[in-house]
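Quick note: the coordinates plus some simple rules give every number you see, no bench work behind them. This is a predicted model, so every value here is computed, not measured. Don't worry about glycine lacking a Cβ; one is built from the backbone with ideal geometry, like all the others, and counts go over all protein chains shown.
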Amino acid sequence: MPYKILEKKTLADNVISLWVEAPQIAKKRKAGQFIILRPNDKSERIPLTIAGVKKDAGAIRLIAQVVGDTTRELADLNEGDFIRDLAGPLGHPTPIKNYGTVACIGGGIGVAPMLPIAAAMKEAGNHVVTIVGARTKELLILEDELREASSEFIITTDDGSYGEKGFVTDVLKKRIADSAKIDFAAAIGPVPMMKAVAAVTKEAGIPTIASLNTIMIDGTGMCGGCRVTIGGEVKYTCVDGPEFDAHQVDFDELQNRLGTYREQENKEEHNCKLEGKV
Ligand SMILES: Cc1cc2nc3c(=O)[nH]c(=O)nc-3n(C[C@H](O)[C@H](O)[C@H](O)COP(=O)(O)OP(=O)(O)OC[C@H]3O[C@@H](n4cnc5c(N)ncnc54)[C@H](O)[C@@H]3O)c2cc1C
């Protein structure tokens with residue numbers, strides 16, 4: 001059953017927000033979970049985090065950065081159009097409870113999946129310190145919503161065009177050095193950022209989760225494409241994650257695997273050798 005797009009907004013260059021009619025998923029979803037979708041029947045399957053939910057309207061929110069073919073096909077759909085396939089909620093929810101003070105650290109498009117986690121942590125009674133990073137002011141999204149979902153909200157930009165100049169880890173290190181209490185941390189964003197946050201919190205002894213954006217095909221544990229090494233053990237991001245103990249993730253392997261198909265992805269035209277044969 002195709003899924004109707006109820007609302008479409010552009011949040012920044014190449015970043016769209018969609019509210020999609022999916023009542024079953026809206027009812028069951030918890031913070032941290034994702035879906036797998038195909039925009040149309042020729043599309044690949046891709047995973048996107050459920051960035052919000054309106055239970056009464058039976059709608060879920062998806063926020064996507066256009067980085068290649070499938071996110072482009074999704075961005076080409078408009079309000080009233082239908083997404084061909086959508087499966088979920090998938091993955092384990094975020095372990096939401098009252099830890100005390102929780103640091104939610106998001107970078108780039110990673111701030112979209114961080115929004116529901118920050119909101120749920122605040123609802124659970126935590127003092128939520130949200131630190132978001134963007135390369136520059138224009139690329140920062142969801143500022144008002146993240147501010148509302150947090151007790152404290154800190155912005156960093158690489159070029160200093162907005163908020164504090166520098167990286168999210170600079171702010172985190174300073175807070176730890178000023179012995180500000182942090183009982184739990186969550187990191188979502190580019191792999192180098194998550195790796196750097198994990199190094200800072202490991203040294204400070206702060207339990208930390210990272211939500212991994214591995215390449216995923218089926219999302220149900222069948223293909224193994226999203227495998228990662230956690231504490232020396234092979235895990236599947238789709239059925240064991242997407243969040244893992246950040247101090248146990250082999251981030252270098254993850255970075256390498258994300259680039260597996262870079263050559264094919266950068267190829268203009270895909271000449272399918274199977275066309276008309278299957
Ligand atoms: C659990 C999970 C949640 C995610 N949530 C979001 C989100 O909320 N918003 C968002 O913008 N992005 C999210 N992503 C990343 C998103 O799935 C990819 O950007 C998307 O699949 C790119 O597909 P493409 O065809 O447009 O690009 P392609 O040209 O195919 O690939 C561009 C790059 O995207 C990555 N990628 C490609 N295919 C996949 C795939 N099947 N799975 C994961 N990464 C892939 C690779 O790094 C690749 O180099 C999430 C990924 C995971 C695993």
With n ≥ 4 as the cut-off for DSSP H runs, can you work out [θ] at 222 nm for the chain, using -39500 (n - 2.57) per run divided by the number of residues, rounded to the nearest 500?
-7000 deg cm²/dmol
The distance between the Cα centres of the stretch 39-63 and the stretch 183-230, in whole Å, is 22
Please give the helix 111-123 orientation as an angle from the longest Cα principal axis of the chain, in degrees from 0 to 90, rounded to the nearest 10.
50
Mean projection area, nm², convex hull over Cα of the stretch 101-258
9.1
Hey, got the dipole for the chain? About the Cα centre, +1 on K and R Cβ, -1 on D and E Cβ, debye to the nearest 20?
600
Measure nothing but the geometry: give the 0 to 90° angle between the long axis through the Cα atoms of 168-177 and the longest principal axis through the Cα atoms of the chain, rounded to 10°.
30
When the chain is treated as a Gaussian network with springs between alpha carbons less than 10 Å apart, the largest mean-square fluctuation among Thr157, Thr220, Thr260 is found at Thr260
For the chain, share of DSSP beta bridges that run antiparallel, in % to the nearest 5
60
Please sort 231-241, 27-37 by packing, taking for each peptide the average over its residues of neighbouring beta carbons within 10 angstrom, highest first.
27-37, 231-241
Stretched fully, the stretch from Lys55 through Arg135 gains (0.36 nm per residue minus C-alpha distance, one decimal, in nm) 25.4 nm
Inter-label distance, nm, simple model (7 Å from Cα along the C-beta direction), Lys9/Asp69:
3.2
Mind giving me the FRET efficiency for Lys27 and Val234? R0 is 41 Å, r the Cβ-Cβ distance, nearest 0.05 is fine.
0.80
Kindly rank 60-67, 102-109 from highest to lowest mean number of other beta carbons found within 10 Å of each residue.
102-109, 60-67
Under the Kirkwood approximation applied to all pairs of distinct alpha-carbon atoms, what is the hydrodynamic radius of the chain in Å?
19.2
